[in-house]
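The values are calculated or read from the model by the stated rules, or taken from the named source; none is laboratory data. These figures come from a predicted structure and were not determined experimentally. Virtual Cβ from ideal backbone geometry, glycine too; neighbours counted across all protein chains shown. Ligands, DNA and RNA are stripped out before the accessible areas are found, and what is left, the full protein with its side chains, is counted by its heavy atoms. Shrake-Rupley method; radii C 1.70, N 1.55, O 1.52, S 1.80 Å.
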Amino acid sequence: MNWDDFESWGKRLSTWGADYHRTKSDRPVRAQVEPGEMLAQLPESPPEDGQDMTAIMEDFERIVMPGLTHWQHPRFFAYFNSNAAPASVLAEYLASIIAPQCMLWQTSPAATEMETRMMDWLRQSLDLPSEFQGVIQDTASSATLAAVLTMREKALDWTGNSHGLSGQKRLRIYCSPEVHTSIDRAIWIAGIGQENLVRIPIAGDWRGMDPDALRAAIAADRAAGHLPAGLILSVGATGTGATDPIEACMDVAEAEGLYTHVDAAWAGSAMICPEFRHYWTGTHRANSIVFNPHKWLGVQFDCSAHFLRDPSTLVKTLAIQPEYLKTHGKDGIINYSEWSIALGRRFRALKIWFVLRTYGLEGLRTRLRDHIAWSRDLHDRLAAHPDFEIVTPPMWSLFTFRYAPHGGVPAGTGDALNQRLVDAINDDGRIYLTQTRVDGALVIRFQAGQFETTEEDVRMAYDVITEIAGALL
Ligand SMILES: *Cc1c(COP(=O)(O)O)cnc(C)c1O
């Protein structure tokens, strides 16, 4: 394939892409395939000779497309959306055409400096104080791992990397039971151990951790000779949108000298709207904050914004400088690979630039406010329906509910009934939902957040849910 072929295929793919997006809402949201179907259609061995692009594209349409779940479908109400606004797709296309590797300032000065500016644009958009500096990580999981490693190193006076953890005091990290599993994995990978991730009980409608219980747990750990190292707070956790009382928890963390990390992977985007910022009052006191523009802001995966009040602690934890990575004679430059786990880095700042300029903050705010209002409308309609009960109240555009038919179901069968409802809805294909557990019970999650979702799409969710539920019994 040469660049002339690339030119003609590039044009064809632009047309294909626009057609796909114009007609995607006619497709079932979740892939309607069985495990192994894709694998059975792929040759077991690679071709010895090159093949024609026409044949490759035909196979793509025939084999791959039916096996995809459509994340950009306007009735994708499962998990959290991973938006890819058209402006972001174009930026990714440019980044993949030029394909720079942006590990050091000198390997891509423009990418580095744009990253600095874009992270500051995002900081201002969320109204975080100017002392925060940012870095783009691939995912929130990586940002959280970087923060946990920093907690570890700071608590061990920067001896963990050199000496390892054996013979050290037990490090203790605190969080609520609602946190995302990326927190557990960061604790494992950092060598701290699951047993030392202390779950503080939650209280109240926001399902946030109880600050008094946090204080008591830290005191008990100190009395036992352990080393409290860090606090991980959630704003909009994945299951139900659980949100910790940040200000009260920060009081405890500061008094105890703990390094603090706020996981706002999903809900952080909503902080571009001033009316939602009361949910995370006190976050400006955290050491580290992560949110994913690749969820609700339309900047396509992967793009995770990681803010640090003092990046030098992170850099002290992660930076390593063999001679071949040094940039001599350029003072004041940033090598962002020293702020993250991986050395290699893609040019992710470009898509933030394209998206913020194309939609403007007002354009983005309008979308988020619409999603939240439409989701609340669905919440109100389900709450008024005799056969449904709301389990957790709306947190931004997320709430959970349960099918509890009037007259009741045999004791102990409610979970199975609700799982059958989720499965039947997803087999139907018009909308896509997922389940979670709240206090042990299986519940159905709803959240709206796709860039092109309309009020009509959310209203259709009500029709689909009630129609399929009615047919189940
Ligand atoms: C999505 C999510 C994550 C994980 O995000 P990745 O970027 O996929 O690692 C972590 N925490 C919360 C609250 C999330 O919603």
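Residues that are over 30 Å from Ser375 (Cα atoms), hydrophobic (A, V, I, L, M, F, W, C) and either away from the ligand (no atom under 13 Å from the Cβ) or open to solvent by less than 40 Å² (accessible area, probe 1.4 Å) (or both) do occur in region 201-215.
Conditions (1) within 16 Å of the ligand (Cβ to nearest atom); (2) of a type outside the set (Lys, Arg); (3) open to solvent by less than 30 Å² (accessible area, probe 1.4 Å), marked per residue:
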site	(1), (2), (3)
Ala186	yes, yes, yes
Leu197	yes, yes, yes
Ala217	no, yes, yes
Arg222	no, no, no
Pro228	no, yes, yes
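Sort out which residues of region 157-184 are touching a residue at least 60 places away in the same chain (Cβ under 8 Å) and not hydroxyl-bearing (Ser, Thr, Tyr), and write them in order of number. Answer for region 157-184, where residues must be touching a residue at least 60 places away in the same chain (Cβ under 8 Å) and not hydroxyl-bearing (Ser, Thr, Tyr): Trp158, Asn161, Glu178, Val179, His180, Ile183. Taking region 197-220 as the range and being more than 16 Å from Cys249 (Cβ to Cβ) and assigned to a helix (DSSP H, G or I) as the test, only Ala220 passes. Count of region 238-264 residues, restricted to those that are open to solvent by 10 Å² or more (accessible area, probe 1.4 Å) and either within 11 Å of the ligand (Cβ to nearest atom) or in a strand (DSSP E or B) (or both), is 3. Scanning region 134-184 for residues that are in a helix (DSSP H, G or I), within 16 Å of the ligand (Cβ to nearest atom), farther than 20 Å from Met209 by Cβ and open to solvent by 10 Å² or more (accessible area, probe 1.4 Å) yields Ser141, Ser142, Leu145, Leu149.
Scanning region 31-71 for residues that are among the acidic types (Asp, Glu) and in contact (Cβ under 8 Å) with a residue 24 or more places away in the chain yields one hit, Glu37. Of all residues in region 265-310, those satisfying the criterion of being of a type in the set (A, V, I, L, M) and more than 10 Å from the ligand (Cβ to nearest atom) are Ala270, Met271, Ile272, Ala286, Ile289, Leu297, Val299, Ala305, Leu308.
Kindly indicate the residue of region 389-417 that is small (Gly, Ala, Ser) and in a helix (DSSP H, G or I) and also least open to solvent (accessible area, probe 1.4 Å) among those meeting that condition. So, considering only residues that are small (Gly, Ala, Ser) and in a helix (DSSP H, G or I), the one least open to solvent (accessible area, probe 1.4 Å) is Gly414.
Taken together, Leu356, Leu368, Leu442, Leu361 contain a single residue that is modelled with pLDDT of 95 or more, of a type outside the set (Lys, Arg) and touching a strand residue (DSSP E or B) at 6+ places or on another chain (Cβ under 7 Å), which is Leu442. Annotation note: Cβ proximity below 6 Å between a residue of region 2-17 that is open to solvent by 70 Å² or more (accessible area, probe 1.4 Å) and a residue that is charged (D, E, K, R) (sequence gap 6+ or interchain) occurs for no pair. Inspection of region 71-82 identifies at least one residue that is more than 16 Å from the ligand (Cβ to nearest atom), within 30 Å of Gly36 (Cα to Cα), of a type in the set (D, E, K, R) and buried (at least 16 other Cβ atoms within 10 Å of the Cβ).
Results for (1) without any contact (Cβ under 8 Å) to a residue 12 or more places away in the chain; (2) open to solvent by 30 Å² or more (accessible area, probe 1.4 Å), shown as yes or no for each residue.
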site: Gln419; (1), (2): no, yes
site: Gln435; (1), (2): no, yes
site: Asp439; (1), (2): yes, yes
site: Phe446; (1), (2): no, no
site: Met460; (1), (2): no, yes
site: Ile468; (1), (2): no, no
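Within region 278-295, the set of residues being open to solvent by 10 Å² or more (accessible area, probe 1.4 Å), assigned to a helix (DSSP H, G or I) and within 21 Å of Val252 (Cα to Cα) comprises His278, Tyr279, Trp280, His284, Arg285. At pLDDT 95 or above and either touching a Pro at 6+ places or on another chain (Cβ under 7 Å) or in a helix (DSSP H, G or I) (or both) - does that describe any residue in region 70-85? No; the residues of region 70-85 include none that is at pLDDT 95 or above and either touching a Pro at 6+ places or on another chain (Cβ under 7 Å) or in a helix (DSSP H, G or I) (or both). Residues in region 337-388 that are closer than 17 Å to Thr454 by Cα and free of Cβ contacts under 8 Å to residues at least 40 places away in the same chain were compared, and the one that is surrounded by the most Cβ atoms within 10 Å (Cβ to Cβ) is Arg376.
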